[in-house]
Structure formats: C-alpha cells, structure tokens
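The structure under discussion appears below in the form of structure tokens.
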Amino acid sequence: MKLQTLFYGLMLGLPLLLVACGEDDLKKANAISEKKITFTRDRTIGVEIIYSDSARVKARGKAPIMDKVTPSTGVPYEEMIKGVNIDFFNPKGTIDGNLVCDYAIRKDEIKQTIFRKNVVVKNDKGDTFSSEELIWDEAKKIFYSNQRVYVKGADGSIGDGINFKAPQDFSTYEMETGSGQLNMKEGVAP
C-alpha cells in the first residue's frame, strides 16, 4: 500500500515540477550560455625557451609542458602547468643564477610572468630566495611579490618579509615587515 501511494505521489508531482520550469528559466539558461568563454589550448611537450636582450642570452628556461591558451574573449597566455627551471647568464655567458617552480603563467601582452608554488631562486652570491609566488616584470626588469619571501644568505643569514622587490639578477633586494637573523663579521664598521 505504501509503495502504491509513493508511486501515485511521484506521478502526480512530476507534471507539477515540469510546469514549475517556466519560460523564464529557459531564458536565464540561454543568457548564461551566451556568456560562456571557450578556450583553445595548444600543448607543447619538452619546451626550451631562450630569453635574450641586445643579441645576448640572458636566460634559458625549460618546461616539461607549455600550453598556449587562447580564450574566446581576452588575451592569449602561456601556462607551464608542470613548472619551469630557468638558468640566468651573466655577460660572460656563464650561469650566475637559477629559478625553479611548480607552475608559471606568462602574459605577453603585459610583459609579465608569474611563478607559483615552491618558487626557489639562487643568485650568483649563493643567496637563496623562496616564496609561493614571484612575479617578473619584463618592462621594469624586476621581480616582486606581495607574498612572504624567505631569504637565506650564503653566509647563513636568514630573513623573511612581504612586499619583496629585487632587480632581475637578485643582486640586492628590499622587503617590508621583515624579520631574521644576520651574521655580522667582527671589526667591520657599518
């Protein structure tokens, strides 16, 4: 008897449910589908990228996968979903720094590359910088981050802070709200 009552209840309720889905709901669904953005993704495996300025190689990057993404609206970008490994070169052509991360996205229109997830940079002095995000501004030739950046100096000094900013070669840096421990040499005047 209960099964029969449930069956009749469903049979009577189904038409009411269908009537409740009026024309206005269909118009809303169509409006949403018209705003849909589609993406074209061209994938390249085993990419090597050379960055040069004035006919001099400044950096060489390798990425296991690079996707060139072209949205139906907006501007194209390159996405390195498996990260990158970049070597930086000095004017003599030898490696003087390195950057590795688990993810990167390059926005050519604004000349900016965002490195994310386990970003580690080593400069020619042996200093190591690590963060969850570093942004390279090609036009200004700087790296910066609003995320916390940790610095370990070649001399064992350690520090961290936010609002990090450094030139491309990481020869100097500045950050706010910093803390750390410095190793000072005796007999050296400030």
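The values are calculated or read from the model by the stated rules, or taken from the named source; none is laboratory data. The structure displayed is predicted, hence computed values, not measured ones. Cβ placement follows ideal geometry from the backbone for every residue including glycine, while neighbour counts extend to all protein chains displayed.
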The stretch 54-102 - residue that is of a type in the set (A, V, I, L, M), farther than 19 Å from Val121 by Cα and surrounded by fewer than 16 Cβ atoms within 10 Å (Cβ to Cβ) and, of those, modelled with the lowest pLDDT:
Ala55
Hey, Asp127 of a type outside the set (S, T, N, Q), more than 26 Å from Glu79 (Cβ to Cβ) and buried (at least 16 other Cβ atoms within 10 Å of the Cβ) or not
yes
Of all residues in the stretch 153-179, count the ones that are exposed (fewer than 12 other Cβ atoms within 10 Å of the Cβ) and charged (D, E, K, R).
2
Run down Asp155, Asp124 and say which single residue is assigned to a loop (DSSP other than H, G, I, E, B), farther than 20 Å from Phe88 by Cα and assigned by TED's automatic domain parsing to the domain that holds Asp53.
Asp155
